[in-house]
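Here the structure is laid out as structure tokens; the discussion comes afterwards.
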Amino acid sequence: MEISTVPITMSSSIMRWPSLKRLSSPVTARTWIFDIDETLLTNIGYYRAHGYGVPISSVDFYFSLVYLGLNRLTPKAFNEWVVQGTAPAFAASLRMYNALKKLGFTIIMLTGRDEDQRSFTEANLRDVGYSGWERLILRGLDDQGKSATNYKSEQRSKLIYQGFKIHGNTGDQWSDLLGFAVADRSFKVPNPMYYIP
Ligand SMILES: [Mg+2]
């Protein structure tokens, strides 16, 4: 997929950027963005507990729900998992995260999780070894209803406007990486479980 073919629009909220504070180096000099779910943290425990997804037929659904006690994947069920704050780190991602920190990169996390999940998310990240990030950006009220591509592109644009030089970006979804204001280098982590446009 070519970046230029991704359908995206810039919302009117972008016009309020002059209110953002511009920062100066060295904080902004070299920045690396990480997605969280299925990039830094693995939610495989949640998927395992819910039968790895929606059953493929009504018979399967009935069987899984009644006989196996498995619930379907729902936003409510996922939120209940997030609040627990028990998602493990991907060992390779933690090594990469720490290596980038050691090289002097400013780390910013940009996630599709909602702002009201900040405290649980921060606690989970710290518990499994992540530390020293510059910012954790979550979906605020103004971001509700936006596609992941649009939301994340807007947030990257705001960072660039503030002076951050986005050298790298790592995520498990193309919507973490494509759109506008893309990083100099983008790295796609495989995710066989789901796709977010
Ligand atoms: Mg993700």
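Values quoted throughout were computed directly from the atomic coordinates according to the rules given, and no laboratory measurement underlies them. Just so it is clear, the structure is predicted and the values come from calculations on it, not from any experiment. Every residue, glycine among them, receives a Cβ derived from its backbone with ideal geometry; neighbour counts consider all protein chains shown.
Annotations for the structure displayed:
- With K and R counted +1 and D and E -1, the other residues having a Cβ less than 13 Å from that of Ile108 yield a net charge of +4.
- Cut-off 18 Å (backbone N to label point 7 Å along Cα→Cβ of Tyr52), residues of the stretch 90-108: none
- Here the gap between Tyr194 and Ala123, fully extended at 0.36 nm per residue and compared with their Cα-Cα distance, gives a gain of 23.1 nm.
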